[in-house]
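The values are calculated or read from the model by the stated rules, or taken from the named source; none is laboratory data. Treat the numbers as computed from the prediction; the structure is a model and nothing was measured. Cβ atoms come from the backbone with ideal geometry, glycine included; neighbour counts cover every protein chain shown. Only protein heavy atoms, including side chains, enter the accessible area calculation; ligands, DNA and RNA are left aside. Shrake-Rupley method; radii C 1.70, N 1.55, O 1.52, S 1.80 Å.
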Amino acid sequence: MRSSKIRRILGVVALSFLSILVFSPLLWMFLSSFKDAGEIWRTPPTLFPEEPTLSGYFELFQKMPFGRYFFNSVFVSVISTAISILTSMLAGYVFAKMRFRGKNTLFLLVLSSMMIPAQVTIVPNFMIVQQLGIYDTYLALILPQGITVFGIFLVRQFMLSFPQDYIEAARVDGMSEFRIFTKIIFPLSGTVISALAIFTFRGSWDSLLWPLVMTISNSMRTLPVGIAGLTTVHSPLMELILPASTITVVPVLIIFFIFQKQFVAGITMSGLKG
């Protein structure tokens, strides 16, 4: 009993220490966003702002169309996540529950594409976007993120543990595959959908390279591209970067804290079968 309590105390202490290490940069960023430029660059640095000010936030919206950047990021991330969930659920269901010749070989080919670095596909994707005539549009930002191999793999692993009896009973009752998917599979897959939504939304929200290549007009830029533009030749504008980064981090944290239980459950259930 005593050794068990000691191990538990040591575990709490270790986790508390790791939590402090993880959240301390976020805390510093949040507190420093209320400092002026002089206090941000002061040596030694201060943790709490001596004279809290919102000037950085007001200046952020005055010097750049930050509201437009925020809308673009929200719109692109939400639509990309919705499309990715739909395509991943359909493909994952097909690879897990339907029988056809060459299914495993095709799945291995799809899965092997995860080994190709994203930077390698930038040029061919750029040429495709230009040929389609959608360069510098929302479609150019959304469509490439609408299908994710990781999402297909995650859903497929979850579907392998889905009770086959439900599907067979529905087929006996005469339900089509589409109705089985919409009436049974989709409503009972909330855990994996939540996990996939968090992964996809975060990836789209934080994406910098693709929006940077696919946009040229200021009105189509997303938050990461806009924040990257605050780094000048001489020095970064930290009094603007810190408030912008704080605003950017908040939506992802809110989504994670709301769906954290479903996220953990989805990851756990997706690894039950290989």
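Assorted remarks:
- Candidates ASP136, ASP173 - the one that is among the charged types (D, E, K, R), out of contact with any Leu (no Cβ under 6 Å at 6 or more places or on another chain) and free of Cβ contacts under 8 Å to residues at least 40 places away in the same chain: ASP173
- Entirely in the stretch 1-97, the helices (runs of 4 or more DSSP H) that have 1 or more residues that are modelled with pLDDT of 85 or more, open to solvent by 40 Å² or more (accessible area, probe 1.4 Å) and in contact with a helix residue (DSSP H, G or I) (Cβ under 9 Å, 6 or more places away or on another chain): 2-32, 55-63, 66-97
- Some residue of the stretch 209-226 being touching a Pro at 6+ places or on another chain (Cβ under 6 Å) and either open to solvent by less than 20 Å² (accessible area, probe 1.4 Å) or assigned to a helix (DSSP H, G or I) (or both): yes
- Qualifying residue in the stretch 101-110 (condition: open to solvent by less than 60 Å² (accessible area, probe 1.4 Å), in contact (Cβ under 8 Å) with a residue 40 or more places away in the chain and not small (Gly, Ala, Ser)): yes
- Residues of the stretch 158-170 satisfying the condition of being free of Cβ contacts under 8 Å to residues at least 40 places away in the same chain, assigned to a helix (DSSP H, G or I) and under 25 Å from ALA195 (Cα atoms): ASP165, TYR166
- Boolean, LEU212 is of a type outside the set (Gly, Ala, Ser), touching a helix residue (DSSP H, G or I) at 6+ places or on another chain (Cβ under 9 Å) and closer than 19 Å to PRO25 by Cβ: no
- All positions within the stretch 122-139 that are within 20 Å of the chain's Cα centre (by Cα) and at pLDDT below 90: ILE122
- Qualifying residue in the stretch 67-75 (condition: out of contact with any Phe, Trp or Tyr (no Cβ under 8 Å at 6 or more places or on another chain), farther than 30 Å from PRO187 by Cα and not charged (D, E, K, R)): yes
- Within the stretch 176-208, if we keep just the residues that are assigned to a helix (DSSP H, G or I) and open to solvent by 60 Å² or more (accessible area, probe 1.4 Å), the residue that is modelled with the lowest pLDDT turns out to be GLU177.
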